[in-house]
Each structure stands twice: as C-alpha cells, then as structure tokens.
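See below for the structure under consideration.
The values are calculated or read from the model by the stated rules, or taken from the named source; none is laboratory data. Predicted model only: the values in this text are computed from it and were never measured. Here the Cβ positions follow ideal geometry from the backbone for every residue, glycine too, while neighbour counts run over all protein chains shown. Just the protein is used for accessible areas: all its heavy atoms, side chains included, with ligands, DNA and RNA removed. Shrake-Rupley method; radii C 1.70, N 1.55, O 1.52, S 1.80 Å.
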Amino acid sequence: MLSVQISFAQKSFIFPKVKQQGSSIAQLTLNNWKVIEMVQGDLNNDQTEDLALIFESNQTIDETRTYGDNNSEIIKETQKPRILAIYFKDKNGSAYHLSTQNNDFILRSEEGGKLGDPLQQVEIKDQQLFLRFRGGSEWRWELGYTFKFQNKDWFLTNAINLYFNQNTGDMTERIYDFTSRQLFTTVGNLHRRDIANQKTSEVLFFSQLRTFKTFKKPWAWEIMPNVYL
C-alpha cells in the first residue's frame, strides 16, 4: 500500500524587482502594487529632476521584521510590504534609470502603534533624500534619516531620534551628524526646550558610514548600548 503525504505550506513572499527604467511613473509602477509616495528633485547634482517612489503591495502578508540589529527578525506583523525605489533621470529628460531598490527600510502601515501609519514625510532637498517616521501612544517617537548619493552609493549622513511623553512633555532628542561624527543630545521637557533642558555633545564611534545595504531599517542599529536608531 502506497501512502502519499502532501503538505501544503504558505509560500514565502518574494519581493519583485522594480523596473530598471521608464519614462513615467505609470511605466515604473509594478503590477499589484501602488505608489503611496512620490517626490522629485535633483539627487546627483546634474540639474535634472530625479525620482523617489514608495510602492505598497496590494497583498497583505505575515511579515517578520528586524529589530535590534540587521539580522534579528523578531517582530511579526500582518501588513502590506513596501518598496523604496530611487531613479535618476537622463540629462536629456527622456527616461528614469534605477539607482537602488530597498525592500526593508520603509516602515509599514502597522508599525506606528496607536498613531497609525508611521510614514510621515519623503522629501528631496539639497541633493539629499529625507525620510521621516513617527509612532507610539502616550510615549511617542519620531525618527528622521537623511541619505546622500556619493561614491556610487547611498550613505546615511544625518539622523534624528525624538522620544517624548505626550502628556508630560518629558523627552530625549538625539541628533546625529555622521559626517562629522557628532552626537547632540537634549534631555528635558518639550515645553521648556530652550530654558532648563540639558544639552550635551559627544563623539560618535563607528567604523564607517551606513548605507541602505548595511542599515536595514529603523530600530536596527544599536548605535550605543540600549540606544537604537
């Protein structure tokens, strides 16, 4: 007697590769994905309007996300995956060409806690890409990251991390300048920010600038003991 066991397992989600080039946002948009953020501006100092897109899948999946370091995938959420795609435009303005695709860095809609979708701002300014997130409940957090294209890669040059109590105003703000290796910290209260708050500065110690490849997502870099960025 021959018995056959067939097990059915949910297939792992596979991120699609975004399109390498196109002349319009419509051409660059993937099937079964939608554009939720779009910004234009010069990112590589060639006086043309480059493009940053954030795609969100139409499919809801169980996704395990990194926390604490680039490898510890310990937080499971049911949510829609997102992709960041950055395109450089031809100097003649005829087409966009892919610079980088990142499947991890953009926080998902379920990762903001009671405040809802944490994605707050995507902006291009001074040849840099700014990404801003926020979340929490009574204790709230705001995260901001600045990436710049240099030496053929995307480097994290600046960041800000604000953690505060919505009711009392108690807060800690850390501003990181990775280019000069400086950390500026303010501890105190949002309501008396320039009066009684304690401000300090110190040298940042790290081996090399992080990129989209070496800094997987928010909360994945323990930059100091028990301090995550």
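Annotations
- Structural descriptor for segment 71-229: relative contact order 13 percent, calculated from alpha carbon pairs under 8 angstrom and at least 6 residues apart.
- Sparse packing (at most 12 other Cβ atoms within 10 Å of the Cβ) combined with a DSSP loop state is found for the following GluC sites (Glu not before Pro) in segment 101-176: Glu138.
- At a probe radius of 1.4 angstrom, the accessible area of segment 1-148 per residue rounds to 56 square angstrom.
- Straight-distance crosslink candidates among aspartates and glutamates, where the alpha carbon sits under 20 Å from Lys80 and sequence neighbours closer than 8 are dropped: Glu37, Glu56, Asp62, Glu63, Asp104, Glu110, Glu111, Asp117
- Too-long pairs where the Cα-Cα distance tops 27 Å, listed order kept, from Lys34/Lys148; Lys91/Lys152; Lys19/Lys114; Lys17/Lys152; Lys152/Lys199; Lys114/Lys217: Lys19/Lys114; Lys152/Lys199
- Relative contact order of segment 21-116, defined on C-alpha pairs under 8 angstrom at six or more residues apart (%): 25 percent
- Dipole in debye (nearest 20) - segment 189-229, about Cα centre, beta carbon charges: Lys, Arg +1; Asp, Glu -1: 200 debye
- Packing here is the average count of other Cβ atoms within 10 Å per residue, and on that basis the peptides 49-59, 157-167, highest first, run 49-59, 157-167.
- Local electrostatic count at Gln166 - Lys and Arg +1, Asp and Glu -1, tallied over other residues with Cβ under 13 Å: 0
- Cβ charges +1 (Lys, Arg) and -1 (Asp, Glu), total dipole of the chain, debye: 240 debye
- The residue among Ser12, Tyr96, Thr185 whose Cα reaches farthest toward the positive pole of the charge dipole of the chain, with charges on the beta-carbon of Lys, Arg, Asp and Glu, is Ser12.
- Expressed per residue, the C-alpha convex hull volume of segment 112-229 stands at 121 Å³.
- Calculation over all alpha carbon pairs of segment 15-145 in 5 angstrom steps from 0 returns a P(r) of 2, 10, 18, 21, 19, 14, 9, 5, 2, 0, 0 percent.
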